[in-house]
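Q: Quick one: the structure is below, questions incoming.
The values are calculated or read from the model by the stated rules, or taken from the named source; none is laboratory data. What you see is a predicted model, and the numbers here were worked out from it, not measured in a lab. Here the Cβ positions follow ideal geometry from the backbone for every residue, glycine too, while neighbour counts run over all protein chains shown.
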Amino acid sequence: MMTHHSLTALKTLCVAAVLLTGCRSPRVTFYTLNAAATPAAAATPAGTPATIAVGPVTLPDITDRPQLVLRVAANRVEILEMQRWAAPLKSEIPRILAEDLALLLPSARVTAYLQNAGTDAGCRVRVDVQRFEAGPGKEVTVDALWSIHRAGDQATKTGRSVIHEPAGDGSYDALVAAYGRALAAVSRDLAQALQSAD
């Protein structure tokens, strides 16, 4: 039979256990982008620059942050404190674009601006991301203005890629994978522009 002291001690232990489990911080999950372009089957056309530097890449302040951001209404976003990018998007996006372009243009040497100053690059690709956003369970949107400048050429080729990519099951993993596919589509637009001789 339990004594009064034993019952009190048991209650204290139960309360302490509840408090300890309730006070634990939620676990932060970190995400990274992966190259999603399909490697080119054909050789890179002769007019393609031998060396390409990607960067700098600019982003809207609303998404240039460690947390994933969801657009939940026309005038409202949700900043997900527990879902974060493993590295800043200003370094992740040029890295992924460079990786995708290297797959699409296998004979070119493609580097990200932050890895190599690109002073010796035959071509510089700059990207101004206008929108980099996701809606829960919907799709991701990447809207990017880009410019391509070849060394020794006064003209700059410009373009815009607006990509809407379905987010699969709407999980955070699916959203991040959709961002990778959207950036691969931007890379395909860039590769096409880089391959043209004019």
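Q: Looking only at residues in the range 54-90 that are polar (S, T, N, Q) and farther than 20 Å from D173 by Cα, which one is modelled with the lowest pLDDT?
A: My answer is N75.
Q: Yes or no: the range 147-157 includes at least one residue that is surrounded by fewer than 15 Cβ atoms within 10 Å (Cβ to Cβ), modelled with pLDDT under 95 and in a strand (DSSP E or B).
A: yes
Q: With the condition kept exactly as written, say whether any residue in the range 117-129 is within 12 Å of the chain's Cα centre (by Cα) and closer than 18 Å to R188 by Cβ.
A: Going through the range 117-129, the residues within 12 Å of the chain's Cα centre (by Cα) turn out to be 129.
Filter again for closer than 18 Å to R188 by Cβ, leaving 129.
Yes: one or more hits.
Q: Could you grab me the full set of residues in the range 47-64 that are farther than 11 Å from F132 by Cβ and not in a strand (DSSP E or B)?
A: Start the filter on the range 47-64 by keeping residues that are farther than 11 Å from F132 by Cβ, which leaves 47-56, 61.
Hits for the range 47-64 are G47, T48, P49, A50, D61.
Q: What residue, of R126, R95, is surrounded by 18 or more Cβ atoms within 10 Å (Cβ to Cβ), closer than 29 Å to V28 by Cα and of a type in the set (K, R)? Talk me through it step by step, then tell me what you get.
A: Details: R126 fails: closer than 29 Å to V28 by Cα.
From the options R126, R95, the qualifying one is R95.
Q: Filtering the range 167-187 down to residues that are touching a helix residue (DSSP H, G or I) at 6+ places or on another chain (Cβ under 8 Å) and modelled with pLDDT under 95, which residue is surrounded by the most Cβ atoms within 10 Å (Cβ to Cβ)? Working first, answer last.
A: First, pick out the residues of the range 167-187 that are touching a helix residue (DSSP H, G or I) at 6+ places or on another chain (Cβ under 8 Å): 167-168, 180, 183-184, 186-187.
Filter again for modelled with pLDDT under 95, leaving 167-168.
Details: A167: 22, G168: 14.
Checked the range 167-187; the qualifying residue surrounded by the most Cβ atoms within 10 Å (Cβ to Cβ) is A167.
Q: Another one. Checking Y113 against (1) over 14 Å from the mean Cα position of the chain (by Cα); (2) within 16 Å of G135 (Cα to Cα), which test does it fail?
A: (2)
Q: Can you name the residue in the range 121-146 that is out of contact with any His (no Cβ under 6 Å at 6 or more places or on another chain), assigned to a strand (DSSP E or B) and charged (D, E, K, R) and is also farthest from L80 (Cα to Cα) among such residues?
A: Out of the qualifying residues, it is R126.
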